[in-house]
Amino acid sequence: MGAVRGKIEVRGIVQGVGYRPFIHRQVRRAGLRGWVKNTSHGVEITLEGERDALEAFAEMLRTNYPPLAMVESVTITAWNKAEGVDGFRITESTKLPLRRTLISPDIATCDDCLGELEDKNDRRFGYPFLNCTNCGPRFTIIRDVPYDRPNTTMGGFPMCPVCGREYHDIENRRYHAQPTCCPDCGPQLGYCDADGTRVEGDALSLAVETLQKGGIVAVKGLGGFHLSCRCDDAGAVLRLRNRKHREEKPLAIMCRSIDAAKKFCAFGDEEAAVLTSPQRPITLLKKRSDMAHLTNNQYLGVMLPYTPLHHLLLRSFDALVMTSANLSDLPIIKDNEEAITALQGVADGFLLHDRPIESRCDDSLLWVHEGMPYFARRSRGYVPYPVAVDIDGETVLACGGEQKASFCLSRESDVFPSAHIGDLKNAETLTHYEQQITHFEKLFDVKPELLVCDQHPDYLSARYAYDRCKHEGLPLIAVQHHHAHMVSCMADNRLTGKCLGIIWDGTGLGDDGTIWGGEFLVGDEQSYERVGSIRPIPLIGGERAIWEIERIGYALLHEADGISEENPVWERMLLRGMNCPASTGMGRLFDGVCALLGLRSSVSYEGQGAVLLEAAATEDEGRYPVVIEGDTFDWREMVKAIVHEKVQGVETGVIAARFMNTLVEMAVEMSRRICGDKGLQHVVLSGGVFQNQYLLTRLPRRLREVGLTPYIHRRVSCNDEGLSLGQLVIAKKGGGVYVLGSTAEDR
Ligand code: ZN
Ligand code: ZN
Ligand code: FE
């Protein structure tokens, strides 16, 4: 048998991850000849040799790939006559009309690069932008595909001859590393004072000096700026809080190493593995010593350095506060000029560099639950990896919620969830949202054929969807909020068919026009029925009660025993049902109990009531009466018992624990009844309330004890950031309601 020529196409995350050098080594080992190139689909390998050898080679590629790659498919697309090529080479990329590339997320500095950073004899010694095929910026610098230097923000930095030689040397770790650079040709640091005036001298030393003196420095990172200060200087932290208008929200810290992190938090190997993973998320860890100035709950957000610049900065500190540089929930700041303007009066100095950031990307935030990430925010390090959902069909854009906005764009059976976007009520955030949608459509080269949004017509994401569909003549589907949460958790676990959803959150528009959020739903991807809920809570003054939670505490008390007369205005409002919309939101029940326990009378961010109760809870197995009337949890007996124990002087932490234990038992009892009636086995837990680790640990355990199979989120967040995944799957499977375009019969 003679030699033949075969063309092999590899799809997946195969660009910017050292895939072609890997192929080169494998081809040489197999004694084949030909070339490899990046295409907009992935990678195309043309080889000459015996047909058997080529087939074996393709087979090998399915399971063998470098650590950061992810191979989806390997296909031999053509057989031809051999033309007698010699050796093996890597050829220029071609731009094809269809873009099937997967783009790698940003990856933390690898050990080899760290070695060079510390090596006095290396030409990249102390260079804050070194990277290689195995690490460095990716998603945040990519402007277009294919992933080649000119299509990134490194396009403006032509390689010096030495870097060029490394780039072309197949034996080199930087072979075809698109963002590779060195002190001679790459980005440079700069330092500006509080006014934004350039200061001469070593930028890094100037920043360290400012930090050491208790100053606040804005540091340009991968996906945006951080505001940094010493975390052992309570005064500095307080100044940062005041200037950033972040009086209460927890602040994350960046620790030099795992050992340094152990000075602040108690954690084990599972957490350490996530902390040191190439994604380097902020991991929420049980705080050790008194860190009240950083967080008022039991968790402290900790991350390890993920860029060379961070490693250099952290040489001088065990840990630094590193919080996203944004003001009052605006998008994270990414450009130098933007930082200097927006952070006037906030930062005492600016540690800048001249490599532009294309896409904003906040740090990811998660807990480690049973050894696996449990996201509060899925962003840097994970975006834009797809989430596979095993459903093909039309290209769908799911527009998400509003406060924790995100979107999902599908391409065949892949879903690409966006990075953390934030609260769309800010005009800047809405613009960022729209820009990222456009960017994703360009990177993945798809145009949605169908849009899907929340049923709440006032959500700005729903308005975006409506306007766009009107304008482009596309169909639009609306999906009920809690159904989307439920299907999100199903898709997250690749679960199909009928199941029970325990969907607890703060607020979502229900099918009956009231506010829901303490729901038990039975359904699948197409439809659902509401089979249980909690007794509605009147919100005195509507939206105001979400912030002034004493109003909710008052309403609970009023409903429970009807004797409170302290506030005649509220009393009258309740009696007449005047401006007291009813909510079944579980988050509201937490708020009310938080207020009743005297923990707080008002909150500064939504969900704070639940966070404070979780933080207060001690170990206690007690609980209050669980009264279920029909399909409704009547919390009045529980509220009475709580008030009674409080009067008796029972410790707040014990009451908090008993309150949550009551909810667990209520959920178990409801699940037992519903699953028994309907013959169901699977129970999915979703909605923002399941960020509560107390519930997340106990409820699944108890559900298992009664013979049910619980599922929690694994790949996306349980809060509204995860909504878009559920919306997308519902739309793809023919659920939801048409708002624009074809009627349900057309589908
Ligand atoms: Zn590296
Ligand atoms: Zn160079
Ligand atoms: Fe929600």
Report summary line: Counting only residues in the range 493-506 that are closer than 16 Å to Ser717 by Cα and open to solvent by 10 Å² or more (accessible area, probe 1.4 Å), the one farthest from ligand 2 (Cβ to nearest atom) is identified as Gly506
**Report entry** Single unsatisfied condition, Thr153 versus (1) within 24 Å of Val219 (Cα to Cα); (2) within 14 Å of ligand 1 (Cβ to nearest atom); (3) open to solvent by less than 10 Å² (accessible area, probe 1.4 Å)
**Finding:** (2)
Query raised in the report: Is there any pair linking a residue in the range 504-530 that is within 22 Å of Ser724 (Cβ to Cβ) and in contact (Cβ under 8 Å) with a residue 40 or more places away in the chain to one that is among the β-branched types (Val, Ile, Thr) and outside any strand (DSSP E or B), with Cβ under 6 Å and at least six apart or on different chains, and which?
Result: Trp504/Val689; Asp505/Val689; Trp516/Thr584; Gly517/Thr584; Glu525/Val487; Glu525/Val729; Glu525/Ile730
Query - Filter result (in a loop (DSSP other than H, G, I, E, B) and among the β-branched types (Val, Ile, Thr)) within the range 349-396 - result: Ile357, Val383, Val389, Ile391, Thr395
Query raised in the report: Do we find a residue being modelled with pLDDT under 95, more than 19 Å from the chain's Cα centre (by Cα), open to solvent by 10 Å² or more (accessible area, probe 1.4 Å) and within 21 Å of Asp362 (Cβ to Cβ) anywhere in the range 257-277?
Result: no
Query raised in the report: Restricting the first residue to the range 136-152 and requiring it to be at negative phi, which pairs with a second residue that is open to solvent by less than 10 Å² (accessible area, probe 1.4 Å) and assigned to a helix (DSSP H, G or I) meet a Cβ separation below 8 Å and a spacing of at least six or different chains?
Result: Ile142/Leu443; Asp144/Leu443; Val145/Leu443; Thr152/Ile141
Query raised in the report: Can you tell me how many residues in the range 373-395 are of a type in the set (A, V, I, L, M, F, W, C) and in contact with a Lys or Arg (Cβ under 6 Å, 6 or more places away or on another chain)?
Result: 2
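For every residue, the table says whether it meets (1) in contact with a Lys or Arg (Cβ under 8 Å, 6 or more places away or on another chain); (2) of a type in the set (Gly, Ala, Ser); (3) away from ligand 2 (no atom under 15 Å from the Cβ); (4) under 23 Å from Pro386 (Cβ atoms).
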{"position": "Asn121", "(1), (2), (3), (4)": "no, no, yes, no"}
{"position": "Arg124", "(1), (2), (3), (4)": "no, no, no, no"}
{"position": "Tyr127", "(1), (2), (3), (4)": "no, no, no, no"}
{"position": "Arg138", "(1), (2), (3), (4)": "no, no, yes, yes"}
{"position": "Arg149", "(1), (2), (3), (4)": "no, no, no, no"}
{"position": "Gly156", "(1), (2), (3), (4)": "no, yes, no, no"}
{"position": "Val162", "(1), (2), (3), (4)": "yes, no, no, no"}
{"position": "Asp169", "(1), (2), (3), (4)": "no, no, no, no"}
{"position": "Pro183", "(1), (2), (3), (4)": "yes, no, no, no"}
Query raised in the report: Counting only residues that are in a strand (DSSP E or B) and open to solvent by less than 10 Å² (accessible area, probe 1.4 Å), how many does the range 29-50 have?
Result: 9
Requested in this report: Quick one: which residue in Thr295, Thr283 is crowded, with 20+ Cβ neighbours inside 10 Å, modelled with pLDDT under 95, touching a strand residue (DSSP E or B) at 6+ places or on another chain (Cβ under 8 Å) and not in a helix (DSSP H, G or I)?
Outcome: Thr295
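A quick yes/no check of all residues on (1) within 23 Å of Ser364 (Cα to Cα); (2) open to solvent by less than 30 Å² (accessible area, probe 1.4 Å):
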site: Ile107; (1), (2): yes, yes
site: Asp112; (1), (2): no, no
site: Asp119; (1), (2): no, no
site: Arg124; (1), (2): no, yes
site: Thr133; (1), (2): yes, yes
site: Arg138; (1), (2): yes, yes
site: Arg143; (1), (2): yes, no
Report summary line: Glu472 fails exactly one of (1) under 19 Å from Val387 (Cβ atoms); (2) away from ligand 3 (no atom under 15 Å from the Cβ), namely (1)
Report task. Select from the range 507-519 the residues that are in contact with a Phe, Trp or Tyr (Cβ under 9 Å, 6 or more places away or on another chain) and either open to solvent by less than 10 Å² (accessible area, probe 1.4 Å) or among the polar types (S, T, N, Q) (or both) and list them in ascending order. Result -> Thr507, Gly508, Gly510, Gly517, Gly518, Glu519
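The values are calculated or read from the model by the stated rules, or taken from the named source; none is laboratory data. Quick caveat, the model's predicted, so the values are computed rather than measured. Please note: Cβ atoms are built from the backbone with ideal geometry, for glycine as well, and neighbour counts cover all protein chains shown. Heavy atoms of the whole protein, side chains included, go into the accessibility calculation; ligands, DNA and RNA do not. Shrake-Rupley method; radii C 1.70, N 1.55, O 1.52, S 1.80 Å.
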